[in-house]
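Quick notes on the structure that follows.
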Amino acid sequence: MTPVDHDALLATARRFVREEIVPLEATLLGAPWHVAEPTLNALRVRAKALGLWAPFLPAQYGGLDMPLDAFARLSEVLGWSPFGHYVCNCQAPDVGNMELLLAFGSDAQKQEYLEPLARGEIRSCFAMTEPEHAGSNPVQLSTTAVHESGAWVINGHKWFTSSADGAAFAVVMAVTDADETRRHYRASQIIVPLQTPGYKLVRNISVMGEAGGGWASHAEVRFDDVRVPTGNLLGLQGHGFALAQERLGPGRIHHCMRWIGICERAFDLMCRYATTREVAPGETLATKQQVQFWIAESRLEIHASRLMVLDAATRMAREGQESAREEISYIKVFVANTLQRVLDRAIQVHGALGMTDDTPLAWWYRHERAARIYDGADEVHKTVIARRALRPYLEVAPRIPREH
């Protein structure tokens, strides 16, 4: 296979996103999924022709064998548009499920689920979060899978099962070993075709006023005596939490670079509007300086975010996820907050226009506020960071006797 020229690929992706996807955004963002999907499918065909299809996958599955640090750079370019990743078949949650199947799937699972997913013939979803438990504590699950007569019988209630609407299958996190004393070894991941009797999509959850549909949805779902073959177990029994961590590590890199792409787009819109907007009568120098400060602060934070994410991606690619665990927590907190601040400043500079859907700013503000919550809330990651920082001090700290 001819080595990929990553710089040339980035240039191709940049032209494709800005010249062919962005002009269609206004129509696509306001359209129901069934109306938008044919246009997006045509763009997917175009992405394949340009060699941008599923670049993170090995060549045997139609990808480019792109390492994580190189894919991080591409992810930023695709993040310029809300549809960049979807059009190139590297969108969440499918990208994470493909990585799971690639690493842990059996040959039969790869043939039945990974191959059509890699070709873009089907979509998938990931069902872990439950409304009855805090999503920040993924080992606390009520969904169960009981081994019975050669099948797994699944019962449970999930929500924020993103992209379940129209998906062909779900990867479901369920407790299979309820008596296991080690809580991180109680759950497993099981593949569930969504036409299986007992599965129900209850609703597409309205998020900040939008219920969405198709890939752009977040569903509440139920599993009532859903029976699937024992061969649908993904990886080892009781290793569901380990698989979730394997999925989340690269996923956080993907998300963070996508967020940086959003920040760059918002920054571009902010600068364009700041230099062309009508100046109000009596506008003071201080007001103009405030806008300049917002631009400077955004530029600094975006640059810092990019360096942090590329550092984490490079370390993960070279040394593995465990070695980059702390850096992943850094970027998850820092970049999510940068995203929120940059979007907020861009909206403020645009004034009333920023609140409308005439630009993608308001759409991103609604959809990406969750960045500080999903894949580990800010507070969880900050706790991890603080504990690791304090550990060497606690190990050598002298014991101070208490006074009686």
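Readers should treat all values here as calculations from the given coordinates under stated rules, not as data from a laboratory. Nothing here was measured: the structure is a model prediction, and the numbers come from that model. Because the Cβ atoms are built from the backbone with ideal geometry, glycine has one as well, and the counts that use them run over all protein chains shown.
May I ask which residue of M208, L339, A242 lies farthest towards the positive end of the charge dipole of the chain, with charges of +1 (Lys, Arg) and -1 (Asp, Glu) on Cβ and the Cα centre as origin?
Checked the options; the winner is L339.
Would you mind estimating how fast the range 124-234 diffuses translationally, via Stokes-Einstein at 37 °C and 0.692 mPa s with the Kirkwood radius over Cα pairs, in µm²/s?
Calculated translational D: 234 µm²/s.
Arrange the peptides 376-382, 161-167 so that the one whose residues have, on average, the most other Cβ atoms within 10 Å appears first.
Ranked by mean Cβ neighbours within 10 Å, highest first: 161-167, 376-382.
Sort 47-54, 318-325 by packing, meaning the average of other beta carbons within 10 Å per residue, with the highest value first.
Order by mean packing, descending: 47-54, 318-325.
Quick one: which of 340-347, 363-370 comes out on top by average Cβ neighbours within 10 Å, and what's the full order, highest first?
Those peptides, ordered most packed to least, come out 340-347, 363-370.
Build a GNM of the chain with springs between Cα atoms under 10 Å: which of M98, M308, M355 gets the top mean-square fluctuation?
In the Gaussian network model the winner is M355.
Which ordering of S124, S106 is given by a fewest-first count of other beta-carbon atoms within 10 Å?
S106, S124
Within 13 Å, Cβ to Cβ, of I21, how many net charges do the neighbouring residues add up to if Lys/Arg are +1 and Asp/Glu are -1?
Taking every other residue near I21 into account, the sum is +3.
Just how large is the dipole of the chain about the Cα centre, in debye to the nearest 20, putting +1 at every Lys and Arg Cβ and -1 at every Asp and Glu Cβ?
Rounded to the nearest 20 debye, it is 600 debye.
Please compute, over every Cα-Cα pair in the chain, the percentage with a separation greater than 39 angstrom.
It works out to 21 percent of all Cα pairs.
Going Cα to Cα from K382, which lysines come in below 17 Å? Please leave out same-chain ones fewer than 8 positions away.
K382 reaches K332.
Quick one: S149, S305, fewest Cβ neighbours within 10 Å first, how do they rank? Intermediate values should be presented prior to the final figure.
Values: S149 7, S305 24.
Placing the least packed residue first, the sequence is S149, S305.
With an 8 Å cut-off on Cα pairs and a minimum separation of 6 or more residues, tell me the relative contact order of the chain in percent. Spell out each step's value before the answer.
On the way: 630 pairs, mean separation 59.6, N = 404.
Answer for the chain is 15 percent.
Once the Cα atoms of the range 1-66 are picked out, what are the Rg and Dmax in Å?
Radius of gyration, then largest Cα-Cα span, for the range 1-66: 13.6, 41 Å.
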